Amino acid sequence: MTPVYLSQLQLQSALGGTLAQAATGYTQGKLPALTSDNTALAGGYFAVDAPTQDLHSRLQQLLQSTLDAAELNAADCLLLVASTALDVSLLEQRLAQGEALSMAMLPAFDDFAASISAKFNFAAIRIINTACTSAANALLYGQRMLQAGLYQRVLLLAFEPPGHITRTGFSALELTSQSGQYRPFHPQRDGLILGEAYATAVLSSTADKAPQAVLLGGFSACDTHNITTTAEDGSHIAAVMQQALQQTGLQSSDVALLKLHGTATAANDSAEHNGVMRVFSQPLPALTVLKPYLGHTLGACGLTELALLFASLQQGALPALPYATAASLPFSSAPQHIAAQVVIMANFFGFGGNNASLLLRSC
C-alpha cells in the first residue's frame with residue numbers, strides 16, 4: 001500500500017468544540033460530563049457542548065471550514081461520509097413534532113447525499129456504513145482511490161448525532177453502562193456510553209498543508225462466527241491485525257502504540273484481549289483507549305479517535321489510565337511519552353463482526 005497523508009483534522013466532541021480543546025482535555029485526563037434525557041431506558045450519553053444546531057447546517061459548516069483551511073475546491077475532492085445514524089435524528093425530531101410515521105418520511109442515503117450536493121459540488125459522494133468500523137473503512141477506501149489516481153484529494157466526514165432510537169437500541173441489548181462509568185478492560189466494566197461527535201480529515205498522496213499523520217495501510221474483514229459479534233477467542237481479530245501488518249510489510253514488534261477499540265462490553269473486550277495476546281509478544285506495546293473520553297462514537301470512531309490521538313501526541317504525553325492496575329491488559333499507570341514518527345496500530349471492531357485494523361505514523 002502507498003502511504004497517504006491525513007491533514008486538517010477537525011473534531012467537535014464532548015471534550016470540546018474544537019480538536020485543540022479536546023486534546024488538552026484528554027492529555028489532562030479530563031472525562032466528559034454525562035448528559036441525560038431523563039429516559040431510563042436510553043441512559044446517558046456524552047454530548048457536544050454547543051448551542052442546538054440543525055444537523056445539516058452543522059455538517060455544512062464543518063465541511064466548508066475544512067475546505068477553506070485546506071484551500072481546496074470541492075470539485076477536486078471525493079467526499080466520503082461515515083456514520084451509522086446519518087440523519088435519523090431528523091426523523092426523530094419530526095416524530096416528536098407529531099408527524100405520523102410513514103414510508104415517505106424515512107431517511108434514505110440518496111436523500112442525505114442530495115442535501116450535501118445542494119450546497120457543494122464534490123466530484124463524488126460515497127456513504128460508508130459498516131457499524132463501528134465505518135470511518136476506518138472509509139480511510140482504507142480513500143487510500144485506494146488515491147492510489148488508483150481517481151481523485152486528487154479525499155475529504156472524510158465522520159459524525160454521530162445524538163439519537164433516542166440508537167440509545168434505546170443499545171440499552172435494550174444490555175450494552176450500555178448503568179453505573180455511568182466507562183471502563184474498558186476493567187473487571188467490573190458494565191457497558192458503553194454513546195458519544196456525539198463530528199469530525200473531518202483531508203487525505204492526499206502528497207505531504208502538503210502540514211499533515212498530522214500518515215496512513216500506512218490496514219485490513220478489514222467480516223467475521224461470520226455470529227450475526228452480531230466476533231469470536232470471543234480473538235481468532236478473527238488477531239487475523240485482521242496480522243493481515244494489516246502483512247499488508248504494510250511490518251512486524252508486531254514494529255508497533256510502538258496500540259490504540260484499542262475498548263467498548264467495555266463483556267464480549268468485545270474479551271475478544272480484543274484475546275486477539276491482542278495472540279498477535280503481540282511480551283512486553284506489549286504501549287496501550288491507550290479513547291472511548292472513556294469521547295464516548296462510543298459508533299461509525300465515526302475511526303476518525304474521531306484518531307483525530308484526538310494525533311492532536312494529543314502533538315501536545316504531550318498521553319494520560320495514565322486511572323484503573324491501570326486493575327485492567328486485564330497492562331496499561332500504564334503513569335503518563336506515556338510516545339516518540340514522533342513511531343508506528344501506531346489502531347483497532348476498530350464493529351457490531352455484526354466487521355473488524356478493521358489500521359497502521360499509521362504520527363507526523
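Assorted remarks:
- Average accessible area per residue (Å²) across the range 173-241 - probe 1.4 Å, nucleic acids and ligands excluded: 40 Å²
- At most 16 other Cβ within 10 Å, DSSP loop - trypsin sites (Lys or Arg not before Pro), the range 127-230: LYS209
- Distant-in-sequence amide H partners of THR229 (H built 1.01 Å from N, under 5 Å): GLY352
- Percent antiparallel among DSSP beta bridges (both partners in the chain, rounded to 5): 60 percent
- Computed in the context of the full set of protein chains, the accessible area of the chain at 1.4 Å probe radius has 50% of its extent on carbon or sulfur.
- Using every pair of separate Cα atoms, the Kirkwood estimate puts the hydrodynamic radius of the chain at 20.4 angstrom.
- Shape category assigned to the range 65-213 from the gyration tensor of Cα positions, a/c cut at 1.5: oblate
- Whether the range 186-257 is rounded, prolate or oblate, judged on the alpha carbon gyration tensor where a/c under 1.5 counts as rounded: oblate
- Three-way shape call for the range 302-363 based on the alpha-carbon gyration tensor, with the a/c threshold at 1.5: oblate
- The residues packed around ASN129, meaning those with a beta-carbon under 13 Å from its beta-carbon, carry a net charge of -1 if Lys and Arg are +1 and Asp and Glu are -1.
- Counting only residues at least eight positions apart within a chain, or on another chain, the aspartates and glutamates with an alpha carbon under 16 Å from that of LYS259 are ASP269, GLU272, GLU305.
- For the chain, built as a Gaussian network whose Cα springs stay under 10 Å, the top-fluctuating residue of LEU59, LEU67, LEU91: LEU91
- Our coupling estimate for the range 291-297, obtained by passing each phi through the Karplus curve with A = 6.51, B = -1.76, C = 1.60 and θ = phi - 60°, is 4, x, 9, 10, x, 7, 8 Hz, Gly and Pro reported as x.
- Highest average packing first - 7-18, 93-104, Cβ atoms within 10 Å: 7-18, 93-104
- All-pairs Cα distance distribution in the range 224-340, expressed in whole percent, bin size 10 Å: 12, 42, 40, 6, 0
- Distance from the range 308-329 to the range 123-144 (C-alpha centre basis), Å: 27 Å
- Per residue, the solvent-accessible area of the range 61-113 (1.4 Å probe, heavy atoms of protein chains only, all protein chains present) comes to 50 Å².
The values are calculated or read from the model by the stated rules, or taken from the named source; none is laboratory data. Fair warning: this is a prediction, and the values are worked out from it, not measured in the lab. Glycine gets a Cβ as well: all are built from the backbone with ideal geometry, and neighbour counts include every protein chain shown. Calculation scope for accessible area: heavy atoms of the full protein, side chains included, ligands and nucleic acids excluded. Shrake-Rupley method; radii C 1.70, N 1.55, O 1.52, S 1.80 Å.
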